[in-house]
Amino acid sequence: MENEMKKTALVLGATGGIGGEVARLLVARGWNVKALHRDPQRAAKPGDGMQWLAGDAMNRDDVVNAAQGTQLIVHAVNPPGYRNWGALVVPMIDNSIAAARASGARILLPGTVYNYGPDAFPIIDEESPQRPVTRKGAIRVELEARLQAAAADGVRTLIVRAGDFFGPKVGNSWFSQGLVKPGKPLTSISYPGSAGVGHQWAYLPDVAETMVRLIENEDKLETFARFQMEGHWDADGTRMVAAIANAAGKPELKAGAFPWWLMALASPFVAVFRELREMRYLWQQPVLMSNKRLVQVLGAEPRTPLDVAVKRTLAGLGNL
């Protein structure tokens, strides 16, 4: 009987940073969690509390069938290594919309700041105009436009936008690919930003906690609901670097320049470098997201102290 009272979620992208974080938190909060993966035996971890299903987010029948009986579809799936975004991202969201339409579930989408161009900076709210300057940004705008169109048919969506992710299980991120080198003791820090320019960070467990708390407040959510997190604001680029150095017990460490020149040279040959280089504009000017709407619903934004969050991140990345 108790099991029947439980809510059920389908997580697409449960092996990724944000998908995994949300999935683990939902399990801890008493949800039944189904995770779709092409190779579920490889993806499952002993005792993870999830029901792993064989299937592909690119296959509509797989997604629709997996979503039967769910109240939530976590759409946290992305093409690996930034490859084939144009061909894969939109069909996958269409499949999630079809599954939500069939099951009545709400879609939860982790949003990005790529949707915005410099005309919206420096302070963004949920209604800021979305005029992206990158290919990936244009695809993200299209993806959200499809969700908003589906809302007219009653398909419920929750989008939560946050700054650059960091955390002990973050996967690909600027923190783990740009600032530090995972798997070895910290000897240097590089910083992609321009001197004195502010940057917004989001601790992944805080992002997951925010998302789940919003889901738990379903009665306060619109059919098409959008929220932004403030996270950790680094006003001039020095706060995050100092937190990393202090967490590693090496307060004397200073940040070196990120090798953008190497990205330029290697971009024609390495897809990840090409995509990272496309996002450089977000490091050249301050971009701050307002969390006023979020605070109105939750009362406060979940926020782990920066020093604690950074230390846990470095430990998870094998830097300590």
*Can you find a residue in region 143-162 that is farther than 23 Å from Asn59 by Cα, in contact (Cβ under 8 Å) with a residue 12 or more places away in the chain, buried (at least 22 other Cβ atoms within 10 Å of the Cβ) and of a type in the set (Lys, Arg)?*
yes
_Against the definition (part of a helix (DSSP H, G or I), surrounded by fewer than 17 Cβ atoms within 10 Å (Cβ to Cβ) and among the hydrophobic types (A, V, I, L, M, F, W, C)), how does Ala87 come out, yes or no?_
yes
_If I ask for residues that are closer than 28 Å to Gly137 by Cα and of a type in the set (D, E, K, R), which ones from region 280-320 would you list?_
Arg280, Lys292, Arg293, Glu301, Arg303
*Yes/no for Val33 being out of contact with any Cys (no Cβ under 8 Å at 6 or more places or on another chain), closer than 19 Å to Val170 by Cα and crowded, with 22+ Cβ neighbours inside 10 Å*: no
*For residues that are assigned to a helix (DSSP H, G or I) and surrounded by fewer than 18 Cβ atoms within 10 Å (Cβ to Cβ), tally how many sit in region 276-320.*
12
*asked:* Here's a check for you: in region 122-142, which residue that is in contact (Cβ under 8 Å) with a residue 60 or more places away in the chain and of a type in the set (Asp, Glu) is most open to solvent (accessible area, probe 1.4 Å)?
replied: Asp125
_Residue pairs, Cβ under 6 Å, 6 or more apart or interchain, first in region 208-230 and farther than 22 Å from Ala28 by Cα, second of a type in the set (S, T, N, Q) and in a helix (DSSP H, G or I). List them._
Phe224/Gln148; Met229/Thr210
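The values are calculated or read from the model by the stated rules, or taken from the named source; none is laboratory data. Just so it is clear, the model here is predicted, and its values are computed rather than measured. Ideal geometry is used to build each Cβ from the backbone, glycine not excepted, and the neighbour counts take in all protein chains shown. Each accessible area value is taken on the protein alone, full model and side chains, heavy atoms only, with ligands, DNA and RNA left out. Shrake-Rupley method; radii C 1.70, N 1.55, O 1.52, S 1.80 Å.
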